[in-house]
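Notes follow the structure.
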């Protein structure tokens, strides 16, 4: 049975949220030092942070590959006052045109002792 004779059927699409994060993100434009395993260091800015990770804006800078472990530290300046990362070690988990997503790595050796 045609409910609306003479009209094309309407297609309804439901957009499923891709937000499956354990920790909520918040926008934050902080200055950080990104260190590569090679010893190379660059100063970059964050786009957002959470307890579990951070997104770094890299623009045209070298991008580490997914799975690469890097070190990220907040620069000691007035803008970053009061901010703390749960760890300075992080692994690259996402790449986008504008930068990279990092997940903090927390090593807890005390539990194994």
Q. Taking Cα pairs under 8 Å and at least six residues apart, what relative contact order does segment 26-112 come out at, in percent?
A. 28
Q.
If I histogram all Cα-Cα distances within segment 26-112 using bins 5 Å wide from 0, what percent of pairs lands in each bin?
A. 3, 15, 27, 28, 15, 7, 3, 1, 0
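Since every read-out is calculated from the coordinates, none of them should be taken as a lab result. Bear in mind that the values here come from a model prediction, so they are computed numbers and not experimental data.
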